[in-house]
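Below: one structure, written as C-alpha coordinates.
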Amino acid sequence: MNNIHALRKYLHQNPELSGQEFETSKTIATFLQQYQPDELLEGLGNGTGVIAVYEPSEEVKKSIMFRCELDALPIQEVNEFAHQSKFKKISHKCGHDGHMAVMCAFAKKLAENKMQHTKVILLFQPAEENGEGAVAIYNDTRFKTLNPDRVFALHNLPGYDFHDIVVKNHTFTCAVNSIIIKLHGKTAHAGEPENGDNPALAFAEIIKEYDQKNQPDAKKEKFTVLTPIYLTMGTEDYGISAGYGEVHYTFRRALNVEMKALEEELEQIAIASAKKYNLQPEIFWTQRFSANENNPQAVDIVRQAARDSHFNLIERETPFQWGEDFGIFTENFAGAMFGLGSGKKTPNLHNPDYDWPDEITETGAQIFFKISELIDAQ
(Lines give C-alpha, C1' and ligand atoms only; values in the text may rest on other atoms or scores of the structure.)
Protein backbone atom coordinates (compact mmCIF):
# COMPACT_ATOMS: atom_id res chain seq x y z
CA MET A 1 0.00 0.00 0.00
CA ASN A 2 1.77 3.16 -1.16
CA ASN A 3 -1.16 5.47 -1.86
CA ILE A 4 -1.80 8.01 0.92
CA HIS A 5 -5.57 8.17 0.36
CA ALA A 6 -5.81 4.38 0.31
CA LEU A 7 -3.86 4.26 3.56
CA ARG A 8 -6.24 6.77 5.15
CA LYS A 9 -9.29 4.75 4.15
CA TYR A 10 -7.69 1.53 5.39
CA LEU A 11 -7.01 3.18 8.76
CA HIS A 12 -10.60 4.41 8.85
CA GLN A 13 -11.86 0.87 8.23
CA ASN A 14 -9.69 -0.56 11.00
CA PRO A 15 -9.92 1.79 14.00
CA GLU A 16 -8.56 0.95 17.43
CA LEU A 17 -9.33 2.53 20.79
CA SER A 18 -6.88 4.38 23.03
CA GLY A 19 -4.09 2.13 24.24
CA GLN A 20 -5.08 -0.67 21.86
CA GLU A 21 -3.55 0.67 18.63
CA PHE A 22 -1.34 -2.37 17.99
CA GLU A 23 -2.39 -3.07 14.40
CA THR A 24 -2.53 0.64 13.60
CA SER A 25 1.07 1.14 14.74
CA LYS A 26 2.20 -1.89 12.68
CA THR A 27 0.46 -0.49 9.61
CA ILE A 28 2.14 2.88 10.09
CA ALA A 29 5.59 1.39 10.69
CA THR A 30 5.30 -0.79 7.59
CA PHE A 31 4.15 2.17 5.49
CA LEU A 32 6.99 4.39 6.72
CA GLN A 33 9.67 1.85 5.85
CA GLN A 34 9.22 2.55 2.14
CA TYR A 35 10.22 6.18 2.82
CA GLN A 36 13.42 5.09 4.58
CA PRO A 37 13.61 7.07 7.81
CA ASP A 38 17.10 7.16 9.31
CA GLU A 39 15.64 5.71 12.49
CA LEU A 40 12.31 4.01 13.17
CA LEU A 41 11.35 3.52 16.81
CA GLU A 42 8.39 1.31 17.72
CA GLY A 43 6.58 0.34 20.90
CA LEU A 44 6.95 3.73 22.60
CA GLY A 45 4.81 5.03 25.43
CA ASN A 46 2.14 2.46 26.19
CA GLY A 47 3.62 0.09 23.61
CA THR A 48 2.08 1.40 20.41
CA GLY A 49 3.84 4.71 19.76
CA VAL A 50 5.95 5.08 16.61
CA ILE A 51 8.66 7.63 15.82
CA ALA A 52 10.38 8.16 12.46
CA VAL A 53 13.54 10.27 12.43
CA TYR A 54 14.87 12.03 9.32
CA GLU A 55 18.43 13.26 9.71
CA PRO A 56 19.65 16.32 7.76
CA SER A 57 22.11 16.12 4.87
CA GLU A 58 24.76 17.98 6.89
CA GLU A 59 25.60 18.64 10.56
CA VAL A 60 22.61 18.64 12.94
CA LYS A 61 22.15 22.10 14.44
CA LYS A 62 18.53 21.85 15.61
CA SER A 63 15.66 19.38 15.79
CA ILE A 64 11.89 19.69 15.45
CA MET A 65 9.04 17.30 16.20
CA PHE A 66 5.66 16.91 14.56
CA ARG A 67 2.92 14.83 16.17
CA CYS A 68 -0.20 13.00 15.05
CA GLU A 69 -2.50 10.56 16.87
CA LEU A 70 -3.30 6.86 16.39
CA ASP A 71 -6.50 6.26 18.34
CA ALA A 72 -10.18 6.18 17.43
CA LEU A 73 -13.33 6.73 19.52
CA PRO A 74 -16.04 4.48 21.02
CA ILE A 75 -18.67 5.86 18.61
CA GLN A 76 -20.92 3.87 16.28
CA GLU A 77 -20.40 5.12 12.73
CA VAL A 78 -23.52 5.88 10.68
CA ASN A 79 -21.75 6.51 7.34
CA GLU A 80 -22.37 3.85 4.72
CA PHE A 81 -19.47 4.53 2.32
CA ALA A 82 -17.13 1.77 1.19
CA HIS A 83 -14.46 2.55 3.79
CA GLN A 84 -16.79 2.54 6.80
CA SER A 85 -15.48 1.10 10.07
CA LYS A 86 -15.46 -2.70 10.28
CA PHE A 87 -16.02 -2.60 14.04
CA LYS A 88 -19.17 -1.85 15.99
CA LYS A 89 -19.00 1.20 18.24
CA ILE A 90 -15.43 2.07 17.19
CA SER A 91 -14.66 4.68 14.55
CA HIS A 92 -12.34 7.53 13.58
CA LYS A 93 -14.62 10.44 14.40
CA CYS A 94 -11.91 12.95 15.30
CA GLY A 95 -9.88 12.68 12.12
CA HIS A 96 -6.89 10.87 13.53
CA ASP A 97 -6.88 8.64 10.43
CA GLY A 98 -6.41 11.83 8.41
CA HIS A 99 -3.77 13.20 10.76
CA MET A 100 -1.78 9.98 10.26
CA ALA A 101 -2.19 10.31 6.49
CA VAL A 102 -0.85 13.89 6.67
CA MET A 103 2.20 12.69 8.55
CA CYS A 104 2.86 9.86 6.10
CA ALA A 105 2.60 12.27 3.16
CA PHE A 106 5.03 14.52 5.04
CA ALA A 107 7.42 11.57 5.50
CA LYS A 108 7.41 11.06 1.73
CA LYS A 109 8.42 14.71 1.22
CA LEU A 110 11.23 14.40 3.78
CA ALA A 111 12.56 11.25 2.12
CA GLU A 112 12.77 13.10 -1.18
CA ASN A 113 14.02 16.45 0.21
CA LYS A 114 16.23 16.31 3.28
CA MET A 115 16.68 19.34 5.49
CA GLN A 116 20.21 20.74 5.57
CA HIS A 117 20.82 21.16 9.31
CA THR A 118 17.53 20.16 10.97
CA LYS A 119 16.61 16.74 12.31
CA VAL A 120 12.88 16.09 11.81
CA ILE A 121 11.07 13.79 14.24
CA LEU A 122 7.65 12.38 13.33
CA LEU A 123 5.68 11.12 16.33
CA PHE A 124 2.67 8.85 15.83
CA GLN A 125 1.21 9.04 19.33
CA PRO A 126 -1.25 6.63 20.95
CA ALA A 127 -4.08 7.35 23.39
CA GLU A 128 -4.78 11.02 22.79
CA GLU A 129 -8.49 10.70 23.47
CA ASN A 130 -8.07 9.66 27.11
CA GLY A 131 -5.15 11.99 27.82
CA GLU A 132 -2.70 9.18 28.60
CA GLY A 133 -0.69 8.93 25.40
CA ALA A 134 1.33 12.15 25.37
CA VAL A 135 2.41 11.71 28.99
CA ALA A 136 3.50 8.12 28.29
CA ILE A 137 5.55 9.23 25.28
CA TYR A 138 7.05 12.18 27.16
CA ASN A 139 8.19 9.84 29.96
CA ASP A 140 9.65 7.25 27.57
CA THR A 141 13.45 7.26 27.84
CA ARG A 142 13.83 6.78 24.08
CA PHE A 143 11.82 9.93 23.46
CA LYS A 144 13.77 11.91 26.04
CA THR A 145 17.03 11.31 24.15
CA LEU A 146 15.53 13.10 21.11
CA ASN A 147 14.89 16.35 23.02
CA PRO A 148 13.40 18.47 20.18
CA ASP A 149 13.96 22.22 20.05
CA ARG A 150 10.49 22.90 18.62
CA VAL A 151 7.24 20.89 18.54
CA PHE A 152 4.24 21.26 16.24
CA ALA A 153 0.87 19.61 15.69
CA LEU A 154 -2.28 20.36 13.77
CA HIS A 155 -5.92 19.46 14.27
CA ASN A 156 -8.57 19.48 11.59
CA LEU A 157 -11.39 21.95 12.19
CA PRO A 158 -14.88 21.49 10.74
CA GLY A 159 -16.62 24.84 10.40
CA TYR A 160 -13.69 26.42 8.58
CA ASP A 161 -13.15 26.37 4.82
CA PHE A 162 -10.95 23.65 3.35
CA HIS A 163 -7.24 24.51 3.68
CA ASP A 164 -7.71 27.40 6.16
CA ILE A 165 -4.84 27.64 8.65
CA VAL A 166 -6.10 28.73 12.08
CA VAL A 167 -3.59 30.15 14.57
CA LYS A 168 -3.54 31.74 17.99
CA ASN A 169 -0.79 32.96 20.30
CA HIS A 170 -0.78 31.52 23.81
CA THR A 171 -3.66 29.18 24.67
CA PHE A 172 -4.96 27.26 21.65
CA THR A 173 -6.88 24.51 23.49
CA CYS A 174 -7.96 24.64 27.11
CA ALA A 175 -6.66 22.75 30.10
CA VAL A 176 -9.17 20.01 30.98
CA ASN A 177 -9.40 17.77 34.01
CA SER A 178 -12.04 15.52 35.54
CA ILE A 179 -12.79 14.83 39.19
CA ILE A 180 -14.56 11.87 40.79
CA ILE A 181 -15.90 12.53 44.29
CA LYS A 182 -17.03 9.52 46.32
CA LEU A 183 -18.80 10.13 49.63
CA HIS A 184 -19.07 7.31 52.16
CA GLY A 185 -21.71 7.60 54.87
CA LYS A 186 -24.02 5.14 56.63
CA THR A 187 -27.35 3.69 55.56
CA ALA A 188 -30.42 3.96 57.76
CA HIS A 189 -34.13 3.20 57.62
CA ALA A 190 -35.82 5.63 55.24
CA GLY A 191 -38.29 6.44 58.02
CA GLU A 192 -35.41 7.30 60.37
CA PRO A 193 -32.77 8.99 58.16
CA GLU A 194 -31.33 10.78 61.19
CA ASN A 195 -29.77 7.46 62.24
CA GLY A 196 -27.56 7.38 59.15
CA ASP A 197 -25.31 9.65 57.11
CA ASN A 198 -26.88 10.39 53.73
CA PRO A 199 -24.69 12.16 51.10
CA ALA A 200 -27.56 13.98 49.38
CA LEU A 201 -27.16 17.38 51.05
CA ALA A 202 -23.39 17.29 50.62
CA PHE A 203 -23.84 16.69 46.90
CA ALA A 204 -26.35 19.53 46.73
CA GLU A 205 -23.82 21.90 48.32
CA ILE A 206 -20.97 20.70 46.10
CA ILE A 207 -23.03 21.13 42.94
CA LYS A 208 -24.21 24.59 43.99
CA GLU A 209 -20.71 25.80 44.88
CA TYR A 210 -19.20 24.32 41.73
CA ASP A 211 -21.82 26.07 39.63
CA GLN A 212 -20.80 29.40 41.17
CA LYS A 213 -17.27 28.87 39.79
CA ASN A 214 -18.50 28.95 36.19
CA GLN A 215 -17.32 31.88 34.08
CA PRO A 216 -18.19 30.76 30.53
CA ASP A 217 -17.13 33.90 28.64
CA ALA A 218 -13.79 32.98 27.03
CA LYS A 219 -13.03 36.66 26.40
CA LYS A 220 -12.91 37.43 30.12
CA GLU A 221 -10.36 36.54 32.80
CA LYS A 222 -10.49 33.15 34.52
CA PHE A 223 -12.64 31.51 31.87
CA THR A 224 -14.09 28.44 33.60
CA VAL A 225 -16.57 25.74 32.55
CA LEU A 226 -17.58 23.03 35.02
CA THR A 227 -19.84 20.30 33.66
CA PRO A 228 -21.51 17.59 35.78
CA ILE A 229 -21.11 14.25 33.99
CA TYR A 230 -22.45 11.53 36.28
CA LEU A 231 -24.21 11.26 39.62
CA THR A 232 -25.34 8.20 41.55
CA MET A 233 -26.49 7.70 45.13
CA GLY A 234 -27.90 4.84 47.16
CA THR A 235 -29.99 2.03 45.67
CA GLU A 236 -33.53 1.64 44.37
CA ASP A 237 -34.72 0.36 47.76
CA TYR A 238 -37.29 2.81 49.08
CA GLY A 239 -36.90 1.72 52.67
CA ILE A 240 -33.22 2.60 52.82
CA SER A 241 -31.70 6.05 53.24
CA ALA A 242 -28.59 6.22 51.06
CA GLY A 243 -25.19 5.76 52.65
CA TYR A 244 -22.99 6.19 49.60
CA GLY A 245 -22.84 8.25 46.41
CA GLU A 246 -20.49 9.72 43.83
CA VAL A 247 -20.44 12.65 41.42
CA HIS A 248 -18.18 13.16 38.41
CA TYR A 249 -17.30 16.53 36.88
CA THR A 250 -15.18 17.69 34.00
CA PHE A 251 -13.86 21.23 33.97
CA ARG A 252 -11.68 23.45 31.85
CA ARG A 253 -9.67 26.64 32.02
CA ALA A 254 -7.48 28.57 29.57
CA LEU A 255 -4.20 28.46 31.52
CA ASN A 256 -2.39 25.61 33.24
CA VAL A 257 -1.56 27.71 36.30
CA GLU A 258 -5.22 28.72 36.66
CA MET A 259 -6.27 25.09 36.31
CA LYS A 260 -4.03 24.05 39.20
CA ALA A 261 -5.58 26.72 41.43
CA LEU A 262 -9.09 25.57 40.49
CA GLU A 263 -8.25 21.94 41.22
CA GLU A 264 -7.27 22.89 44.78
CA GLU A 265 -10.46 24.93 45.26
CA LEU A 266 -12.73 22.14 44.03
CA GLU A 267 -11.06 19.55 46.18
CA GLN A 268 -11.41 21.72 49.30
CA ILE A 269 -15.11 22.33 48.60
CA ALA A 270 -15.72 18.57 48.40
CA ILE A 271 -13.76 17.85 51.59
CA ALA A 272 -15.54 20.61 53.55
CA SER A 273 -18.99 19.44 52.45
CA ALA A 274 -18.19 15.85 53.35
CA LYS A 275 -16.97 16.88 56.80
CA LYS A 276 -20.09 18.96 57.42
CA TYR A 277 -22.34 15.93 56.91
CA ASN A 278 -20.12 13.35 58.63
CA LEU A 279 -19.05 11.66 55.38
CA GLN A 280 -15.74 10.19 54.34
CA PRO A 281 -14.58 11.60 50.99
CA GLU A 282 -12.52 9.86 48.33
CA ILE A 283 -11.29 12.08 45.51
CA PHE A 284 -9.82 10.89 42.22
CA TRP A 285 -8.56 12.76 39.16
CA THR A 286 -8.77 11.38 35.64
CA GLN A 287 -8.20 12.30 31.98
CA ARG A 288 -6.06 15.40 32.51
CA PHE A 289 -5.17 17.49 29.48
CA SER A 290 -2.70 20.37 29.80
CA ALA A 291 -3.59 23.54 27.92
CA ASN A 292 -1.77 24.02 24.63
CA GLU A 293 -0.02 27.27 25.50
CA ASN A 294 1.50 28.19 22.15
CA ASN A 295 4.87 29.89 21.92
CA PRO A 296 4.32 33.13 19.93
CA GLN A 297 7.57 32.70 17.98
CA ALA A 298 6.53 29.18 16.99
CA VAL A 299 3.12 30.50 15.89
CA ASP A 300 4.91 33.12 13.79
CA ILE A 301 6.64 30.30 11.92
CA VAL A 302 3.24 28.71 11.21
CA ARG A 303 1.95 32.09 10.01
CA GLN A 304 4.87 32.49 7.63
CA ALA A 305 4.48 28.93 6.37
CA ALA A 306 0.81 29.57 5.63
CA ARG A 307 1.58 32.80 3.76
CA ASP A 308 4.42 31.24 1.79
CA SER A 309 2.12 28.37 0.81
CA HIS A 310 -0.72 30.77 -0.12
CA PHE A 311 -3.17 29.33 2.40
CA ASN A 312 -5.83 31.49 3.98
CA LEU A 313 -4.64 32.47 7.48
CA ILE A 314 -7.19 32.98 10.27
CA GLU A 315 -6.35 34.47 13.67
CA ARG A 316 -8.48 32.88 16.37
CA GLU A 317 -9.53 35.20 19.21
CA THR A 318 -10.38 32.70 21.96
CA PRO A 319 -9.12 29.20 22.85
CA PHE A 320 -10.93 26.07 21.74
CA GLN A 321 -12.73 24.62 24.76
CA TRP A 322 -11.86 20.98 24.05
CA GLY A 323 -8.83 19.28 25.51
CA GLU A 324 -5.85 17.99 23.52
CA ASP A 325 -2.98 16.17 25.19
CA PHE A 326 -0.37 17.77 22.93
CA GLY A 327 -0.38 20.31 25.78
CA ILE A 328 2.17 18.20 27.67
CA PHE A 329 4.62 18.91 24.82
CA THR A 330 3.93 22.66 24.57
CA GLU A 331 4.27 22.74 28.37
CA ASN A 332 7.81 21.39 28.11
CA PHE A 333 9.03 22.51 24.67
CA ALA A 334 8.61 25.69 22.64
CA GLY A 335 5.97 24.90 20.06
CA ALA A 336 2.50 25.37 18.69
CA MET A 337 -0.69 23.60 17.79
CA PHE A 338 -2.71 25.07 14.93
CA GLY A 339 -5.88 24.27 13.01
CA LEU A 340 -6.49 23.04 9.48
CA GLY A 341 -9.91 23.86 8.04
CA SER A 342 -11.78 20.69 7.08
CA GLY A 343 -14.89 22.19 5.52
CA LYS A 344 -17.80 24.33 6.65
CA LYS A 345 -20.27 21.57 5.80
CA THR A 346 -18.22 18.74 7.34
CA PRO A 347 -19.94 17.20 10.40
CA ASN A 348 -18.46 18.24 13.73
CA LEU A 349 -15.72 16.31 15.49
CA HIS A 350 -16.98 13.27 17.43
CA ASN A 351 -20.24 13.23 15.44
CA PRO A 352 -21.23 9.73 14.22
CA ASP A 353 -21.28 10.89 10.57
CA TYR A 354 -17.89 12.68 10.55
CA ASP A 355 -15.28 11.65 7.96
CA TRP A 356 -11.88 13.20 7.19
CA PRO A 357 -11.91 15.04 3.84
CA ASP A 358 -9.03 13.67 1.75
CA GLU A 359 -8.59 16.97 -0.12
CA ILE A 360 -6.85 18.52 2.90
CA THR A 361 -4.25 15.77 3.41
CA GLU A 362 -1.72 17.35 1.06
CA THR A 363 -2.39 20.75 2.67
CA GLY A 364 -1.33 19.43 6.06
CA ALA A 365 1.77 17.73 4.67
CA GLN A 366 2.74 20.84 2.73
CA ILE A 367 2.53 23.20 5.71
CA PHE A 368 4.50 20.78 7.90
CA PHE A 369 7.19 20.68 5.24
CA LYS A 370 7.22 24.46 4.88
CA ILE A 371 7.57 24.88 8.67
CA SER A 372 10.59 22.57 8.51
CA GLU A 373 12.15 24.56 5.68
CA LEU A 374 11.68 27.87 7.51
CA ILE A 375 13.29 26.53 10.69
CA ASP A 376 16.11 24.96 8.70
CA ALA A 377 16.83 28.31 7.07
CA GLN A 378 17.04 30.21 10.37
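On the basis of being surrounded by fewer than 24 Cβ atoms within 10 Å (Cβ to Cβ), of a type in the set (D, E) and within 19 Å of I4 (Cβ to Cβ), does E112 make the cut? It is true that E112 is surrounded by fewer than 24 Cβ atoms within 10 Å (Cβ to Cβ), of a type in the set (D, E) and within 19 Å of I4 (Cβ to Cβ). For the range 75-101, the set of residues classified as over 16 Å from V151 (Cα atoms) and assigned to a helix (DSSP H, G or I) consists of H96, D97, G98, M100, A101, listed by residue number. When restricted to residues that are open to solvent by 90 Å² or more (accessible area, probe 1.4 Å), farther than 20 Å from K182 by Cα and either hydrophobic (A, V, I, L, M, F, W, C) or not in a helix (DSSP H, G or I) (or both), the range 219-266 contains 6. Scan the range 270-306 for residues that are farther than 30 Å from I375 by Cα, of a type in the set (G, A, S) and touching a residue at least 24 places away in the same chain (Cβ under 8 Å) and jot them down. Hits for the range 270-306 are A270, S273, A274.
Whenever a residue of the range 30-48 is aromatic (F, W, Y), its partners that are assigned to a loop (DSSP other than H, G, I, E, B) and modelled with pLDDT under 95, lying with C-beta atoms within less than 9 angstrom and at least six residues away or across chains, give the pairs F31/M1; F31/N2. Among the residues of the range 204-212, are any open to solvent by 50 Å² or more (accessible area, probe 1.4 Å), modelled with pLDDT of 95 or more and in contact with a strand residue (DSSP E or B) (Cβ under 8 Å, 6 or more places away or on another chain)? Yes, the conditions are met somewhere in the range 204-212.
The residues in the range 196-218 that are in a helix (DSSP H, G or I) and free of Cβ contacts under 8 Å to residues at least 24 places away in the same chain can be counted, and the count is 3. Only one of the numbered conditions (1) aromatic (F, W, Y); (2) within 21 Å of E132 (Cβ to Cβ); (3) surrounded by fewer than 24 Cβ atoms within 10 Å (Cβ to Cβ) is violated by F311, and that is (2).
Can you say whether N312 is of a type in the set (S, T, N, Q) and either free of Cβ contacts under 8 Å to residues at least 60 places away in the same chain or farther than 23 Å from K222 by Cα (or both), as far as the supplied structure shows? Criteria met by N312. Would you call G243 in contact with an Asp or Glu (Cβ under 7 Å, 6 or more places away or on another chain), in contact (Cβ under 8 Å) with a residue 24 or more places away in the chain and within 30 Å of G196 (Cβ to Cβ)? The answer is yes for G243. Scan the range 29-62 for residues that are touching a Phe, Trp or Tyr at 6+ places or on another chain (Cβ under 7 Å), more than 22 Å from E112 (Cβ to Cβ) and assigned to a strand (DSSP E or B) and the total you get is 2. Looking only at residues in the range 7-20 that are in a loop (DSSP other than H, G, I, E, B) and touching a helix residue (DSSP H, G or I) at 6+ places or on another chain (Cβ under 9 Å), the one that is surrounded by the most Cβ atoms within 10 Å (Cβ to Cβ) is P15. Please count how many residues of the range 125-138 are open to solvent by less than 10 Å² (accessible area, probe 1.4 Å) and over 10 Å from the mean Cα position of the chain (by Cα). Within the range 125-138, residues that are open to solvent by less than 10 Å² (accessible area, probe 1.4 Å) and over 10 Å from the mean Cα position of the chain (by Cα) number 3.
Checking each residue in the range 25-62 for being out of contact with any Ser or Thr (no Cβ under 7 Å at 6 or more places or on another chain), among the hydroxyl-bearing types (S, T, Y) and either modelled with pLDDT under 95 or under 25 Å from K9 (Cα atoms) (or both) picks out T27, T30, Y35.
Filtered by the rule that a residue be part of a loop (DSSP other than H, G, I, E, B) and surrounded by 17 or more Cβ atoms within 10 Å (Cβ to Cβ), the range 314-345 gives P319, G323, E324, D325, F326, F333, S342, G343. Note on the range 139-169: residues that are in contact with a Gly (Cβ under 9 Å, 6 or more places away or on another chain), open to solvent by less than 50 Å² (accessible area, probe 1.4 Å) and outside any strand (DSSP E or B) total 8.
The values are calculated or read from the model by the stated rules, or taken from the named source; none is laboratory data. Just so it is clear, the model here is predicted, and its values are computed rather than measured. Positions of Cβ are backbone-derived with ideal geometry, glycine not excepted, and every protein chain shown enters the neighbour counts. The area values use the complete protein model at the heavy-atom level, side chains included, leaving out ligands, DNA and RNA. Shrake-Rupley method; radii C 1.70, N 1.55, O 1.52, S 1.80 Å.
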